[in-house]
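I have placed the structure first, in the form of structure tokens, so that the comments after it can refer back to it.
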Amino acid sequence: MNNELLAVRSVSKAFGGVQANQEISLTIPSGKIIGLIGPNGSGKTTLFNSIVGYHPVDQGSVRFQGKEITKMLVPQIARLGLLRTFQQTRIFSGLSCIGNMQISAPVVRSGLKSLFTKFPIDDMEDIEDILAFVGLHSKRHLLAGQLSFGQQKLLEFAMALIAEPKLLLLDEPTAGINPTLINGLIDRLRVANQELGITLFIIEHNMRVIMNIADHIYCLAHGQLLAEGPPDKIQNNQTVIDAYLGAN
Ligand code: ADP
Ligand code: MG
């Protein structure tokens with residue numbers, strides 16, 4: 001595929017007897033929003049973990065910007081500009097929003113040319129700008145533990161943005177958050193993609209959201225790639241519909 005940012009080739013991962021991912025191949029083109037759907041337990045989170053180096057894969061390869069990253073560790077991969085967020089947020093509830101951002105920034109910041117070039121490059125100002133970008137500026141001094149779950153997810157999104165990712169993997173960003181925040185988050189994801197140039201790969205259970213936002217969707221079932229295509233094709237794909245119905 002032209003414009004290939006990430007290439008997953010024949011990746012397999014088992015946990016004991018459970019084949020969580022089986023020979024999965026997919027491509028993420030630069031500049032797009034790509035969806036990953038599939039019933040619970042179909043291997044979506046495992047695939048994200050394999051891509052970002054959270055655990056070694058049993059077989060297969062992962063290439064990012066043409067570079068082999070299969071055996072690299074999470075911080076190395078993050079420094080190349082490939083990051084993920086978690087299904088359950090990973091923030092420090094006893095620290096303020098700014099405090100969480102301050103911890104996140106040096107860990108993942110890499111001296112890449114700032115995507116926020118129109119902002120001053122000073123870290124503190126970047127932090128405030130990014131918190132404003134996700135709509136949390138007025139909450140910046142609150143403890144993260146005082147935020148609603150949806151706001152915590154926005155904070156986690158902000159913590160990823162300060163690392164200036166080229167590719168951001170989001171694991172169920174809208175799960176557990178209220179409809180108003182969902183719309184706000186979708187809007188921010190779009191702007192991050194279109195204006196900041198961040199390619200997004202999103203695991204999402206909310207069909208309305210993913211059909212609305214994604215350029216292309218991959219569907220997993222039982223650890224294998226079941227289908228792929230543009231949203232309208234996936235929505236009407238009988239195999240995909242059966243996989244979801246079969247899971248409920
Ligand atoms: P999804 O994100 O699509 O719900 P997961 O990737 O979390 O699915 O899980 C896929 C399968 O792998 C499940 O059967 C799950 O129980 C298993 N699994 C995932 N992570 C682990 C782990 N760390 N140890 C053992 N089994 C795991
Ligand atoms: Mg999952």
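Sub-9 Å Cβ pairs linking a first residue in the range 183-195 that is surrounded by 12 or more Cβ atoms within 10 Å (Cβ to Cβ) to a second residue that is among the basic types (Lys, Arg), at least 6 apart or interchain, are LEU185/LYS153; ASN193/LYS32, ordered by first then second residue. Within the range 196-209, how many residues turn out to be open to solvent by less than 10 Å² (accessible area, probe 1.4 Å) and more than 25 Å from ASP123 (Cβ to Cβ)? Number satisfying all stated conditions: 5. Screening ALA175, ALA160 for residues that are under 28 Å from GLY41 (Cβ atoms) and in the same structural domain as ASN206 (by TED's automatic domain parsing) leaves exactly one candidate, ALA175.
Where strands (runs of 3 or more DSSP E) sit wholly within the range 18-73, those with at least 3 residues that are touching a residue at least 40 places away in the same chain (Cβ under 8 Å) and over 17 Å from the mean Cα position of the chain (by Cα) occupy 18-29, 59-64.
In the range 50-66, is there at least one residue being at negative phi, away from ligand 1 (no atom under 15 Å from the Cβ) and buried (at least 18 other Cβ atoms within 10 Å of the Cβ)? Yes, there is a match, as at least one residue in the range 50-66 is at negative phi, away from ligand 1 (no atom under 15 Å from the Cβ) and buried (at least 18 other Cβ atoms within 10 Å of the Cβ).
Picking from residues in the range 13-42 that are open to solvent by less than 10 Å² (accessible area, probe 1.4 Å) and of a type outside the set (A, V, I, L, M, F, W, C), the one that is farthest from ligand 1 (Cβ to nearest atom) is GLY35.
The values are calculated or read from the model by the stated rules, or taken from the named source; none is laboratory data. Bear in mind that the values here come from a model prediction, so they are computed numbers and not experimental data. Every residue, glycine among them, receives a Cβ derived from its backbone with ideal geometry; neighbour counts consider all protein chains shown. With ligands, DNA and RNA removed, areas are computed over all heavy atoms of the protein, side chains included. Shrake-Rupley method; radii C 1.70, N 1.55, O 1.52, S 1.80 Å.
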